[in-house]
1. Give me the accessible area buried between chains A and B, both sides summed, with a 1.4 Å probe, in Å² rounded to the nearest 100.
2. Describe numerically, in nm with one decimal, the distance between label points set 7 Å from Cα along Cα→Cβ at residue A:431 and at residue B:238.
3. Only protein chains counted, 1.4 angstrom probe. Which residues of segment A:241-281 are at least 50 Å² less accessible in the assembly than when their chain is isolated?
4. Cβ neighbours within 10 Å, averaged per peptide: list A:390-396, A:206-212 in order, most packed at the top.
5. Could you tell me the calculated FRET efficiency between residue A:515 and residue A:595, based on Cβ-Cβ distance and R0 = 25 angstrom, to the nearest 0.05?
6. Take the alpha carbon atoms of segment A:588-624, find their center, do the same for segment B:57-103, and report the distance between the two centers in whole angstrom.
7. Taking the Cα-to-Cβ direction at residue A:170 and at residue A:117 and moving 7 Å from each Cα, how far apart do the two end points lie in nm?
8. Which residues' amide hydrogens lie under 5 Å from the amide hydrogen of residue A:89, considering only partners 5 or more residues apart or on another chain, with H built in the peptide plane?
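The values are calculated or read from the model by the stated rules, or taken from the named source; none is laboratory data. What you are looking at is a predicted structure, and each value in this text was computed from that prediction instead of being measured. Cβ atoms come from the backbone with ideal geometry, glycine included; neighbour counts cover every protein chain shown. Note: areas computed on protein heavy atoms with side chains; ligands, DNA, RNA excluded. Shrake-Rupley method; radii C 1.70, N 1.55, O 1.52, S 1.80 Å.
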Amino acid sequence: MAAVKKNLPMNRREETLQDVVIKFAGDSGDGMQLTGQQFTNNTAMLGIDLATFPDFPAEIRAPQGTLPGVSGFQLHFSSDKVYTPGDLCDVLVAMNAAALKVNVKTLKPGGKIIVNTDGFDAKNLRLANFPEGVNPLEDGSLDAYEVMRIDVTKLTRESLKDFPDLGIKEKDRAKNMFVLGFIYWMYSRSLDNTITFLKEKFGKKANILDSNIKVLQAGYNYGDTTETFTSRYRVEKAKMSPGNYRSIMGNQALSFGLIAAAQKSGLPMFLGTYPITPASDILHDLSKYKNFGIRTFQAEDEIAGITASIGAAYGGSIGVTTTSGPGMALKTEAMGLAVMLEIPLIIINVQRGGPSTGLPTKTEQSDLMQAYYGRNGECPMPVISASTPSDCFSAIYEAVRISIEHMTPVIFLSDGYIANGAEPWKYPQSADLPPINAKFKTELGDGELKYQPYIRDEKLVRPWAVPGTKGLEHRIGGLEKQNITGNVNYEPENHQTMVKIRQEKVDMIANYIPEQQIDCGAEKGKVLVLGWGSTYGAIRSAVLHLLSEGYEVSHAHLRYQRPFPKNLGTILRNFETVLVPEINNGQLVKIIRDQYLVDAKPYNKIMGIPITRTELIEAIRKLL
Amino acid sequence: MIETANSPVAPVLTAKDFSTDQEVRWCPGCGDYSILAQVQKIMPGLNVPKENIVIISGIGCSSRFPYYMNTYGMHSIHGRATAVASGLKATRPELSVWIVSGDGDSLSIGGNHTIHLLRRNFDVNFMVFNNQIYGLTKGQYSPTSEQQKVTKSTPFGSIDHPFNPLALALGADASFIARSMDRDPKHLQQMLVRSHLHRGASFLEIYQNCNIFNDGAFEIFTEKSTKPTEALFLEHGQPLVFGAQQEKGIKIDGMRPVIVDLNNGVSKDDLWIHDEKDIYKAQSLVRMFDDPSVEGHFPRPFGVFYQNERACYEDSMKMQLEEAIALKGPGDLDKLLRGREVWEIV
């Protein structure tokens, strides 16, 4: 560990906790995301289970000190299994008055508030819309909480008095390191991983590097030497299944899953995309891995992103395009082309609040209907979703497998909550990943006089013949095809045949995916909570809680939205009531009712934030 | 990468080898027939294996083209052929990629992709069949239709100012800019071959007559009686000369081109000598876009306006990949998945 004073005052005690939810909140320029991520990595490395929830404004730099400018990072860590970032916080770090005002309602009674007192001057109070003369630090409104006051700004500047080259602005930029150092002290942590991180980030700028380390240590030492803080805390390792772990975020897991699929299939990968929140990080990530042969193309718009990927797929690459709701709308016509061409293509939608531009940085599950039905004509495509940050890895890997082995575009749904959330991940070994069988047609078969691009195998899959293959020259396009030959054809019977074939081909994928499992609870019973996507953690922890109280409730979580697993109908009918919680106005529930004639009940929250465990427990209880 | 069958001794092909069994369905008399014939004629001479040729089109009359070419081909969606071709070329640089598009497809709905394809400089051949009308949707004005044009959608005359396609292409930093016409098969063949030979994005505008909805739009440049005075054929290193007896020329006076009479004591040595590499001259040439009915107008140039080599996108992309591999070694999946901060639970 780096040099840290070790003269513990006599009255110090260290307490062991099972479970902590902490939220770092400050101005969007205060570096709260970085602080949260650093504390997350430090926590993960100790084998403590965790889940995170970054919550930041759409504006890069909203007016400083204002309520819309507040950026938050919530982390739930525990020696027990963690499924959600936590409903309410035990600890709130508030860098200014606005951060306190926005977040205090999510704090548990008796919770701790660590405030930067400098962020509560007259100007900050006014910007946070406190009435003239009202200061929450002085008016008793926080009496229900334990408030720890630290003048972070002053202490940061003081600790940097030996850095004459740094201006006040530059010094103040290190405030978050003071807080991080203090929190490290509070939770009995080492500073090592953050110092390594700072060295990598500022290695060439010695002054910035040294000042950040200095402030980080100052924060730690402040906790250590100031006698006001009498308790330190420790959270023990979680009992997770044995193996090697790392921390991973959803978009990062998605990138890794794509790279793994490219490696295992032996096909080159091409990402054609246009930046959009919250999907852009996939582009940022994949563009780093050129030595894996990944080609990334930042196109001029969403349409060029997907159509360039179609061009790449036509040439034999795994074509990928990434976007979020509004971009998905723009790509619609091209998705129809991919369905007609029957070529592999991965369309990733990291959902956000809609409609239109909606809530760019907030999460929602409101594009399921769009994925299902949002194209002209009869245009079926498989739909697959991820349920947690690390699940993005295996879910996208499966999406690529289906796309290639079934020669079809696939829609993959993630959302802002999963994309930016982090959790420990027992990462796989490449040798253990399932195979992806990609095969091109390379020559005419025995007795074949001419290549028939729309001839099909038992899975109704057509052969993939790529340009450059001698003797297999052929033309494909968006006009209706004649069955087998692929020639343009407008005959009535042929169109009906082709529409039915395209549908059956997608339906038949149900024969090549696993059956639906019950995640927890019995196979039969009173209430089944059926979820998809990022509601996984909340549903699981709510159902586990109710099971522990002896209720008859089960949880099933769908990875495959289209086609559904073959046994889903049977599962649904094994329960008296089916509840479908979603972060939308009721989408999966409509599809379930439509396909299975089951009177499924919706539970909806459309606030741009995840459903909490507490809310769900209450909602499920009403049905029990 | 995908292996391509590049046999060293390719059998000699003819134009017929490039035609398909599909019935050509353009209106009788359409200029597209000539363009198809010229493309089929030059293909055997390019020394590119047939299986390495890909024709990508968008939507419009011209975009039926791939169905009639016995190569690889894709009839994609409206305006996006350029983007499809970009993805294909980025991943398969060894293919000879030809884009077939019309004035609506490439300058209206697909205008965005057109300029970006040109600035990125993919090594593709981009043919724009310009007939100054929407044919497939039966006769609305296009972004190249002249102002005042009366069409189905402009009964009182179009108020849209038209694009000057070559000026637009030059503005997007196209590395090859040329113009030809359906009614001059020889010239068109030359321009097609030049497009192919250029390494980079070749923008070839082809004046194409739509005899149903816009018949005679380019008659003044194509008819025997007016062609010599209205069309100016550019040749690298040669003076700009036109007229029935080659009696007129264009000279540079200060910053501006002027038309001069060669019988008036002006010799060919005084004229503007065409230089395909000169972007300043190219900027003047693309601006010779006058309405032929205006007194004292410039003739319309045909030929290669500009040609210069610069890095092609797919080459730079490939180079970055190779450099990354040279620097870091080929990607190690297990190392990637493991990352740097790992802990073990026992």
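1. Details: alone 26520 and 18250 Å², together 38850 Å².
So the buried area, both faces added, is about 5900 Å².
2. A separation of 7.0 nm, rounded to one decimal place.
3. Buried by the other chains: A:245, A:246.
4. Details: A:390-396: 25.6, A:206-212: 17.4.
In decreasing order of mean packing, A:390-396, A:206-212 become A:390-396, A:206-212.
5. Numbers: r = 16 Å, r/R0 = 0.66.
Efficiency, rounded to the nearest 0.05: 0.95.
6. 47 Å
7. 2.9 nm
8. A:107, A:108
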